[in-house]
Amino acid sequence: MIPDQTPFWHALELAWCGDGALSLHSIRLLDAMQHMLQISDADRALIESKFEDEVVFDLNRSGFGCGDQALAGWVGALTFLDDPAAADVSRALGRAALMAGLSRERWNAGISWMDQLTLGVPFKEGVWREGDESGELARLPAILLPLARELGVITDEQ
């Protein structure tokens, strides 16, 4: 099964869903993201095939790929992975998810998302309340906001 709750899937949504088209610049940004997340060509092909089957086939083209700016911001948000506090934030998000009520679907979404960012272990530690004590979740980086919404940690109003 190919998870659709991952940072790369979200990048595809940003690239395609603004106007139903994919620009050359978006393709290059997706290539950069693939490299940053160390996604193999085979895995990327599987993700993109599933995305085409589930999303692209139903889009109406109304432009020439206006998702470039949003996608560039999204790829730029991956700099969070270089932050020494990334593991601590991941633990805190795991703990906050547990406190918000963690269903099987939310657990799977969290694991898919955080594993792709290579932060699955600290996220699990936060959920399981193991390892270093996870602090309170104060501020989330942009790369974790869609997941935090999915987990019920924050709402659209926040």
If you go through G94, G152, the only one that is part of a loop (DSSP other than H, G, I, E, B), surrounded by 13 or more Cβ atoms within 10 Å (Cβ to Cβ) and among the small types (G, A, S) is G152
Testing A138 on (1) assigned to a loop (DSSP other than H, G, I, E, B); (2) farther than 24 Å from I154 by Cα; (3) out of contact with any Phe, Trp or Tyr (no Cβ under 7 Å at 6 or more places or on another chain), one condition comes back false. Which one is that? (2)
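Considering only region 80-89, I want to know if a residue exists there that is outside any helix (DSSP H, G or I) and modelled with pLDDT of 95 or more.
no
Pick from region 61-104 the residues that are in contact with an Asp or Glu (Cβ under 9 Å, 6 or more places away or on another chain) and among the polar types (S, T, N, Q): which of them is nearest to F123 (Cα to Cα)?
Restricting attention to region 61-104, the residues satisfying the condition of being in contact with an Asp or Glu (Cβ under 9 Å, 6 or more places away or on another chain) are 61-67, 87-92, 94-96.
Then keep just the ones that are among the polar types (S, T, N, Q); that gives 62, 90.
On the way: S62: 39, S90: 5 Å.
Filtering first and then ranking leaves S90.
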Would region 20-33 turn up any residue that is surrounded by 16 or more Cβ atoms within 10 Å (Cβ to Cβ) and within 14 Å of the chain's Cα centre (by Cα)? yes
Set D53, D41, D88: member being more than 17 Å from the chain's Cα centre (by Cα) and assigned by TED's automatic domain parsing to the domain that holds R129: D88
Of the residues in region 95-127, those that are farther than 21 Å from F8 by Cβ and either in contact (Cβ under 8 Å) with a residue 40 or more places away in the chain or out of contact with any helix residue (DSSP H, G or I) (no Cβ under 8 Å at 6 or more places or on another chain) (or both) number 8
Tell me yes or no: at least one residue of region 49-64 is of a type in the set (S, T, N, Q) and assigned to a helix (DSSP H, G or I). yes
Just wondering, is there one or more residues in region 38-51 that are out of contact with any Phe, Trp or Tyr (no Cβ under 9 Å at 6 or more places or on another chain), touching a residue at least 40 places away in the same chain (Cβ under 8 Å), under 27 Å from I154 (Cα atoms) and not β-branched (V, I, T)? no
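The values are calculated or read from the model by the stated rules, or taken from the named source; none is laboratory data. Worth saying up front: this structure is predicted, and the values here are computed from it rather than measured. Glycine gets a Cβ as well: all are built from the backbone with ideal geometry, and neighbour counts include every protein chain shown.
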